[in-house]
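Student: Once you've had a glance at the structure underneath, I'll fire off some questions.
The values are calculated or read from the model by the stated rules, or taken from the named source; none is laboratory data. Here the structure is a predicted model, which is why all the values come from computation and not from measurement. Surface accessibility is based on the protein's heavy atoms, side chains included, excluding ligands, DNA and RNA. Shrake-Rupley method; radii C 1.70, N 1.55, O 1.52, S 1.80 Å.
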Amino acid sequence: GPATLKYSHAVTNVFGFFDSKNSYYLDLNATFDLGSGWSVVPHIGYQKVRNNAGFSYTDYSVTLNKDFGSGLVGSVTLIDTDNDNYVGPGPAFKRLGKAGVVLGVKYSF
C-alpha cells in the first residue's frame, strides 16, 4: 500500500539521556502519486524518551516531489515539531523545534 508504519526500540540508553532505556520512535509515512511526475509524502513521528518526558516530541513533515525524468527528482519539504526545548550556552539558547523548509535535488544513474 501507499503507507508504512515503523517502530524503533532502544534496548540501551538513548545517547545523551541517563536512564532512558526502552525509549522508542513511532514513524508513519505515506506516498501519494499525483500524476505527471508529482507525488506528496506526508510523515508523522513520535519520539518517547523514557524518564525524560520533557524531551519526548512529535514531528511531522510534508514533501512535494517532482520527477523530471532521466533520474532527476526535485523536492521541497516543510518540517516541524512540537518540541519547545531550548539548548545552548549562556543567553544564546536556541529552540530545538523550529519549523523549516528543505529544498532537494536528487540524481540517480
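Student: Got a sec? What order do Val40, Val49 fall in by accessible area at 1.4 Å, biggest, i.e. largest, first?
Tutor: From most exposed to least exposed: Val40, Val49.
Student: Can you give the relative contact order of the stretch 39-83 as a percent, counting alpha carbon pairs under 8 Å and 6+ residues apart?
Tutor: Computed over the stretch 39-83, the figure is 36 percent.
Student: Leaving ligands, DNA and RNA out of it, work out the accessible area of His9 with a 1.4 Å probe and give it in Å² to the nearest 10.
Tutor: Solvent-accessible area, nearest 10 Å²: 90 Å².
Student: Compute the length gained on full extension between Asp82 and Leu5: take 0.36 nm times their separation in residues and subtract their Cα-Cα distance, giving the result in nm to one decimal.
Tutor: Full extension of this stretch gives 25.7 nm more.
Student: Candidates [x] 145; [y] 114; [z] 100; which is the computed volume of the Cα convex hull per residue in Å³?
Tutor: [x]
Student: Could you look at the stretch 1-74 and say what percent of its accessible area is carbon and sulfur, using a 1.4 Å probe and all protein chains?
Tutor: In the stretch 1-74, the share of accessible area belonging to carbon and sulfur is 62 percent.
Student: A follow-up question, please. Residues of the chain: accessible area per residue at 1.4 Å, in Å²?
Tutor: Accessible area per residue: 70 Å².
Student: Determine the order of Asp80, Asp19 by accessible area, beginning with the largest, at a probe radius of 1.4 Å.
Tutor: So the residues, ranked largest to smallest area, are Asp19, Asp80.
Student: Using a 1.4 angstrom probe and counting only protein chains, how large is the accessible area of Lys106 in Å², to 10?
Tutor: It works out to around 120 Å².
Student: Could I ask something else about it? Considering only protein heavy atoms, with the full assembly of protein chains and a 1.4 angstrom probe, order Val14, Val62 by accessible area, largest first.
Tutor: So, going from the largest accessible area down, we get Val62, Val14.
Student: I would also like to ask the following. At a Cα cut-off below 20 Å, give the lysines reachable from Lys66, other chains included and same-chain residues fewer than 8 away excluded.
Tutor: Output for Lys66: Lys106.
Student: With a 1.4 Å probe and every protein chain left in place, tell me how much accessible area Ser75 has, in Å² to the nearest 10.
Tutor: So the heavy atoms of Ser75 present about 40 Å² to solvent.
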